[in-house]
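Student: Handing you this structure, nothing more for now.
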Amino acid sequence: MKKILFYLVMLFLLGFISYKAFFYFDKKSEQAEIVKNEAVTRLSSEEIAQIQEGDFILRRGFGFFSDYISKELNNGEIDVTHAGIITKRNDSLFVIHSLSSDVTEIDGLQMQPLQEFLKYSYPHKIIITRLKNANPAMGLKISSLAENYLAKHIPFDHKGNFDNDEALFCTEMIWKILEKDLQCVELPSEAKARKDFFFSMTPMYDTKYFDIKVNQYKIKNK
């Protein structure tokens, strides 16, 4: 019995060490890409001028999980992997978004200056959307709700339980605000269709729900 317990403990430790090592080297790879692309402007002044508070920003990130999401959770040439909500403080733009503690120091809801958020994006792989036919007042409601969730320090949804609001992944936060808080969009209710919807990036740039304000995927990458 003691031998079995010993082997179980060793297997657990080996698995834990491997798990941590994977994210360590993945983060090192991400940092190398950030340095490699740091001189590249992600959004032009003309594109930034299109942004309003309450808009949604989508990016294609670096790293293994971003590679997976880009291929498996999109359709066609668009391969975005992460999303956040634009907010404004003292006339400066910030992004409220949710990340796992496996890839960042904060687990869950956090806020970054827009330019810092953009560092983690491949050049020419950014989309900015706005709720369909939304006016500035609606945009302010969206950003205010995101600020409220930020203040509550809501953790990242590691289990992917998209109908439990105690933890939120990036797009889950956005759909919670639009579907449950503002009740301004109607999402699938049937179990499989709802799961497929939440575990996909494509609805985030679907013109059924959003007006697309900036789409860098129209730009031919060099």
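Student: Please state the shape class of segment 28-89: rounded when a/c is under 1.5, otherwise prolate if a/b exceeds b/c and oblate if not, all from the C-alpha gyration tensor.
Tutor: Oblate shape, in that a/c is at least 1.5 and b/c is the bigger or equal ratio.
Student: Same structure, new question: Within the set of other residues whose C-beta is less than 13 Å from the C-beta of Lys88, count the net charge using Lys and Arg as +1 and Asp and Glu as -1.
Tutor: -3
Student: Also, I was wondering about something else. Between Asp67 and His153, what is the spin-label point distance in nm, taking each point 7 Å from the Cα along the Cα→C-beta axis?
Tutor: In this crude label model, Asp67 to His153 measures out at 3.5 nm.
Student: Given a 1.4 angstrom probe, what's the average accessible area per residue across segment 76-222, in square angstrom?
Tutor: 50
Student: Going by average Cβ density within 10 Å per residue, which order do the peptides 64-74, 90-100, 34-44, 48-58 take, highest to lowest?
Tutor: 48-58, 90-100, 64-74, 34-44
Student: List the relative contact order of segment 45-159 as a percent without decimals, with contacts defined as Cα pairs under 8 Å and 6+ residues apart.
Tutor: Here the relative contact order equals 33 percent.
Student: So, one more: If a/c stays under 1.5 just call it rounded; otherwise compare a/b with b/c (prolate if a/b is bigger, oblate if not). Do that for segment 149-197, with a ≥ b ≥ c from the square roots of the Cα gyration tensor eigenvalues.
Tutor: Because a/c hits 1.5 or more and a/b fails to exceed b/c, segment 149-197 counts as oblate.
Student: For Thr104 and Ser44 in one chain, what is 0.36 nm times their gap in residues minus the Cα-Cα distance, to one decimal in nm?
Tutor: Result: 18.9 nm gained on full extension.
Student: Roughly what would the spin-label model give for Glu179 and Thr207, points 7 Å off Cα along C-beta, in nm?
Tutor: Between Glu179 and Thr207, the label points sit 2.4 nm apart.
Student: Within the accessible area of segment 121-222, what % is carbon and sulfur when the probe is 1.4 Å and the other protein chains stay in place? Walk me through the numbers before you get to the answer.
Tutor: Values: 2810 of 5380 Å².
Solvent-exposed carbon and sulfur of segment 121-222 make up 52 percent of the total.
Student: Taking a ≥ b ≥ c as the square roots of the Cα gyration tensor eigenvalues, with a/c under 1.5 meaning rounded and otherwise prolate when a/b beats b/c, else oblate, which class fits segment 81-218?
Tutor: Rounded, since a/c falls under 1.5.
The values are calculated or read from the model by the stated rules, or taken from the named source; none is laboratory data. In this text, all values refer to a predicted model and were calculated from it rather than measured experimentally. All Cβ positions, even for glycine, are placed from backbone atoms using ideal geometry, and neighbour counts span all protein chains on display. The area values use the complete protein model at the heavy-atom level, side chains included, leaving out ligands, DNA and RNA. Shrake-Rupley method; radii C 1.70, N 1.55, O 1.52, S 1.80 Å.
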